[in-house]
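Inspection log for the structure reproduced underneath, given as structure tokens.
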Amino acid sequence: MGTIQLSCIQIAIGLLFLTQAKSTKEETSAHRNYTITSCISDERSALVTFRAGLSDTANRLSSWKGGDCCQWKGVHCSNITGRVIRLDLHGPDCHNSIVQVLGGNISSSLLGLQHLQYLDLSCNRFELQILEFLGSLYNLKYIDLSNSYFVGRVPPQLGNLSNLRYFSLDSTLGDTYSRDITWLSRLTSLQHLDMTFVNLSTIAHWLPVVNMLPFLKILRLGYCDLTSSPDSLQFSNLTSLEILDLLANDFLKRSTPNWFWGLTRLKYLDISASGLHGPFPDEIGNMTSMVRLDLSSNDLVGMVPTSMKNLCNLEELFLFENNINGCIAEFFQRLPSCSWNKLQTLDLAFTNLTGSLPTTSVPLSNLTILDLSCNKLTGPLPLWIGELTKLKSLYLGSNNLDGVIHEGHLSRLDMLDVLTLSDNSIAIVVSPAWVPAFNLKTLELRSCQLGPKFPMWLRWQRQLYSLDISNTSISDTLPDWFWVSTSSVLYINIRDNKIRGVLPSTMEFMRGIAMDFSSNQLTGPIPKLPTNLSNLDISRNNLVGPLPLDFGASGLQTLVLFDNCISGNIPSSLFKLQSLSLLDISGNNLTGSVPDCLDNESTINTTSLSIRNLSLRNNHLSGEFPSFLQSCNLLIFLDLSNNHFFGTLPTWIGQKLTSLAFLRLRSNMFYGHIPVELMKISNLQYLDLAYNNITGIIPTPIVNFKGMILMGDNDAGYEEAFGHGLAIGDNELVDYSENFTVLTKGQERLYTGEIIFMVNLDLSSNNLVGDIPEEIGSLVALKSLNLSWNAFSGKIPEKIGALVQVESLDLSHNKLSGRIPTSLSALTSLSRLNMSYNNLTGEVPSGNQLQTLEDPAYIYVGNPGLCGPLLLQKCPGQVEDPTYIPATQGDNEGVTDVTSFLLAMGSGLVAGLWVVFCIFLFKKKWRVSWLSLCDSMYDRISVLVAVTWASLTRKS
């Protein structure tokens, strides 16, 4: 019994000890858990100080409060020690978001995080130098500072981080550089190195340094301005390298030999845009592990080598912008058949491929992107294109393809997102009831054949991002569903058709950013525009009514409405669109004066409009020179011609419009002198004041027009004034080319985009007096000079021969006297000259270009005192050259020969006709036969004309 009691006591004591041990273990565990969930106080202080230096407008670090920093967003602590080992504060979007980013200064208090292993500050906006103290955080294994506006020198102290495995300094938006990268060789654990956009231009021997990183798997040195690429490595230590990115450097050497062709284990190789030339190297066939190969944008020539058949793992191939210059069928034969079912991307744009696409099926069953655009392909599109059922993007634009595309080509492409067939001769013929299986985001069919009816299948494309059906022979009324289906489309282009209809009143609710409806037959008024619209072209239509008082699109940048029937006044709200850069409302029926959007004198100094190109020509506008232009200090092009403006030219033009390069005021009623202040506009290269009532003299400071002096420098900075709107892929929307007419060479000529190269001075048809200043000879870039129909007197400047670029020179209908300078013969570009109706005397210069000008009598008519070989009048004391026969007068023998020839030819003609007449008069049978033949021919021709006319009528 006692033994049993003792055993029970022992068991009880044992249970007690077990209970106490378990309690102690739980307490220890609880204590440990408490330690894990609480950060170290010193590290918390370091983070608080770091936070104080940051700018956080989006309040991304709102969770950084309380005592437990391990719970703060982006802060991660060790589960064992509780130390901060990871700080991840990367921005939400590296490319689009500039709102939710961190900025400010990065405090050296981060040195308090000595156990930090992971640091990610990418996709922010710090705008400061890369931090040297990072080299003292010895436990760092991961650093990502990419896309955060870091600038300046890459600190060599980073070489102290011997544990570093990942380092990214892709400073796409910054200006970073390194003059020495030997410190990289100490990072022997490095596996990923990305220094894209870091300027390494002064480092010639970069490869030996990189070659000392034996564990490197990823190397990205794109856009580094590298200028050397060794032919080979004596001993390659880069045996682990799988990804090599050297795009956009300046190697400027032959494609082979090059050190990277020896890295046969590479899976991804990008050496695009690196200045390589010569043939495609056979060494490509040794890269049997290759998955993604990018050789694009180099100058490689010839067909790809047959050794490419060895690339059995190939999934992506980029060869665009090279010069293959061979047959597309042969190229397909050289693709590795062992990877046909793996290939996903094939980009061969701009490679000068020729021939027709193979008619037999090409088994690329996994292909998702096929780009054959901008080549010289011919023939129809084969049906096997419709068998590429995984295809997402098909680019075939800008070739010479023809034939018909029907449902069989498209019905199975349910995954298709992008279809571009622009600039081919392809006709798309489908049933009006056809409903496509795909839902496109981008559709570009420019210059294909869609019409004459509006394509009904577009109704089902409700996810479109960009639509281009311009110049597609559509001659139909826009259906109501079009505006519904395109309400979410951002870029719409339907120009150069014969589309009828009106702009909908619901247009303001569309999402469009750029719309081009030009060169159609749209009618009706202009409604309120979409809120997000930035570019709009509705020129060359039949729009009527006044301009809207509220345009709605506050961010409008381009508004092109020329050649319509818009009437009424210009609303002041138009010039309050602060982003408006290009405005062309020429060729309408606008009346009244241009509104003054400047409310008071103080507004002139504070308001600045963005307008660079303003054209109001060919309207019925009146009033004085528009005063609101004082706030347009960015204005480059101004055209007020063919209106009813009057008054004097204001002196503030030279002070306020300092960027002006093209000023056209012709055919108005301006009067007064040319203000001297106008000569302060040094960039002015085109000045047209013709057909006004300008008086006075030409100011001698005309030599200040540097734009008329510096040849080849006239087009700088004009892209926004004469620009081409937005371009999405090969779809250039709102393609505005100034429809500008210039009176030169005696006729009105139409200029489009090339107007930026026109250097012109036209002061004709005014009341200018005095001498033509000698300084005009300094304007050596002039291509057209017209001073006709004025009252200039004195002599023609001797320096007129310095205008070596001038093609048209008109000084007619003035009161010029004296001799014509002999330097005129130096104008070798001259194709039209007019000196008529002056008081010029002496011998007309000859030689060079003057000998080739047509009708010298017209050029110099009205100057009775002129003489010389080019005219009928011999100069007094002129010694006749016996070997010279002027174009209008030879010697007596020449005249006799010509006269004799003409007399003989005339006599023979008369004699021959008389013989025929006599035969018909006396031979009745011959006469009847001849008249019968004439009647028969008449009947045949009449029938032929009638049949042809009837056929043409039916076709039309």
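The figures follow:
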| item | result |
| --- | --- |
| Yes/no for Arg446 being more than 22 Å from the chain's Cα centre (by Cα) and either surrounded by 22 or more Cβ atoms within 10 Å (Cβ to Cβ) or not in a strand (DSSP E or B) (or both) | no |
| Among the candidates Glu316, Glu387, residue that is of a type outside the set (Ser, Thr, Tyr), within 31 Å of the chain's Cα centre (by Cα) and surrounded by fewer than 20 Cβ atoms within 10 Å (Cβ to Cβ) | Glu316 |
| Restricting the range 478-503 to residues that are of a type outside the set (A, V, I, L, M, F, W, C) and loosely packed, with under 14 Cβ neighbours inside 10 Å, the residue that is farthest from Arg459 (Cα to Cα) | Lys498 |
| Qualifying residue in the range 408-419 (condition: touching a Phe, Trp or Tyr at 6+ places or on another chain (Cβ under 6 Å), surrounded by 15 or more Cβ atoms within 10 Å (Cβ to Cβ) and in a loop (DSSP other than H, G, I, E, B)) | yes |
| Among the candidates Ser232, Ser236, Ser185, residue that is in a loop (DSSP other than H, G, I, E, B), surrounded by fewer than 16 Cβ atoms within 10 Å (Cβ to Cβ), touching a Leu at 6+ places or on another chain (Cβ under 9 Å) and without any contact (Cβ under 8 Å) to a residue 40 or more places away in the chain | Ser236 |
| Qualifying residue in the range 806-825 (condition: modelled with pLDDT under 90, surrounded by fewer than 16 Cβ atoms within 10 Å (Cβ to Cβ) and not in a helix (DSSP H, G or I)) | no |
| Residue within the range 775-793 that is farther than 20 Å from Met758 by Cβ, more than 35 Å from the chain's Cα centre (by Cα) and in contact (Cβ under 8 Å) with a residue 40 or more places away in the chain present | yes |
| Residue list for the range 785-805, restricted to those being assigned to a loop (DSSP other than H, G, I, E, B), touching a strand residue (DSSP E or B) at 6+ places or on another chain (Cβ under 9 Å) and closer than 17 Å to Gln849 by Cβ | Ile796, Leu803 |
| Of all residues in the range 211-243 being β-branched (Val, Ile, Thr) and modelled with pLDDT of 95 or more, the one that is nearest to Leu140 (Cα to Cα) | Ile218 |
| For Lys73: the one exception among (1) within 25 Å of Leu187 (Cβ to Cβ); (2) surrounded by fewer than 22 Cβ atoms within 10 Å (Cβ to Cβ); (3) of a type in the set (D, E, K, R) | (1) |
| Hits in the range 826-846 (condition: more than 17 Å from Tyr858 (Cα to Cα) and either in a loop (DSSP other than H, G, I, E, B) or in contact with a Pro (Cβ under 7 Å, 6 or more places away or on another chain) (or both)) | Leu827, Thr828, Ser829 |
| Any hit, the range 859-882, residues being modelled with pLDDT of 80 or more, in a strand (DSSP E or B) and of a type in the set (D, E, K, R) | no |
| Any strands (runs of 3 or more DSSP E) falling wholly within the range 62-175 and containing at least 1 residues that are under 43 Å from the mean Cα position of the chain (by Cα) | 84-88, 118-120, 142-144, 166-168 |
| Count - residues of the range 652-681 that are farther than 26 Å from Trp789 by Cβ and in a loop (DSSP other than H, G, I, E, B) | 4 |
| Of residues in the range 134-150 being in contact with a Leu (Cβ under 6 Å, 6 or more places away or on another chain) and hydrophobic (A, V, I, L, M, F, W, C), the one nearest to Thr57 (Cα to Cα) | Leu145 |
| Output for the range 763-784, where each listed residue is modelled with pLDDT of 95 or more, outside any loop (DSSP other than H, G, I, E, B) and closer than 24 Å to Ala661 by Cα | Leu768 |
| Subset of the range 81-131 (residues that are aromatic (Phe, Trp, Tyr) and closer than 18 Å to Leu173 by Cβ) | Phe126 |
| Subset of the range 611-649 (residues that are in contact with a helix residue (DSSP H, G or I) (Cβ under 6 Å, 6 or more places away or on another chain) and hydrophobic (A, V, I, L, M, F, W, C)) | Phe628 |
| Residue check, Lys799 among the basic types (Lys, Arg) and either over 16 Å from Asp688 (Cβ atoms) or at pLDDT 95 or above (or both) | yes |
| Test: residue in the range 325-340 that is without any contact (Cβ under 8 Å) to a residue 24 or more places away in the chain and either among the acidic types (Asp, Glu) or closer than 23 Å to Asn375 by Cα (or both) | yes |
| Cross-chain or 6+ apart pairs with Cβ under 6 Å, the range 51-64 first and farther than 14 Å from Gly104 by Cα, then part of a loop (DSSP other than H, G, I, E, B) | Ser63/Trp72; Ser63/Lys73; Trp64/Trp72 |
| Which listed residue is buried (at least 16 other Cβ atoms within 10 Å of the Cβ), within 22 Å of Leu317 (Cα to Cα) and out of contact with any His (no Cβ under 8 Å at 6 or more places or on another chain), from Leu213, Leu207, Leu244 | Leu244 |
| Verdict on Phe167 being modelled with pLDDT under 90 and surrounded by 21 or more Cβ atoms within 10 Å (Cβ to Cβ) | no |
| Boolean, Tyr149 is among the aromatic types (Phe, Trp, Tyr), surrounded by 16 or more Cβ atoms within 10 Å (Cβ to Cβ) and modelled with pLDDT under 90 | yes |
| Residue count for the range 513-532, restricted to those that are in a loop (DSSP other than H, G, I, E, B), of a type in the set (A, V, I, L, M, F, W, C) and either in contact (Cβ under 8 Å) with a residue 40 or more places away in the chain or touching a helix residue (DSSP H, G or I) at 6+ places or on another chain (Cβ under 8 Å) (or both) | 3 |
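Residue-by-condition table, conditions (1) under 20 Å from the mean Cα position of the chain (by Cα); (2) in a loop (DSSP other than H, G, I, E, B); (3) farther than 18 Å from Arg511 by Cβ:
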site: Val430; (1), (2), (3): no, yes, yes
site: Ala433; (1), (2), (3): no, yes, yes
site: Pro436; (1), (2), (3): no, yes, yes
site: Asn439; (1), (2), (3): no, yes, no
site: Pro452; (1), (2), (3): no, yes, yes
site: Leu464; (1), (2), (3): no, yes, no
site: Leu467; (1), (2), (3): yes, no, no
site: Ser470; (1), (2), (3): yes, yes, yes
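The values are calculated or read from the model by the stated rules, or taken from the named source; none is laboratory data. All figures in this text were calculated on a predicted structure; none of them were measured in a lab. Because the Cβ atoms are built from the backbone with ideal geometry, glycine has one as well, and the counts that use them run over all protein chains shown.
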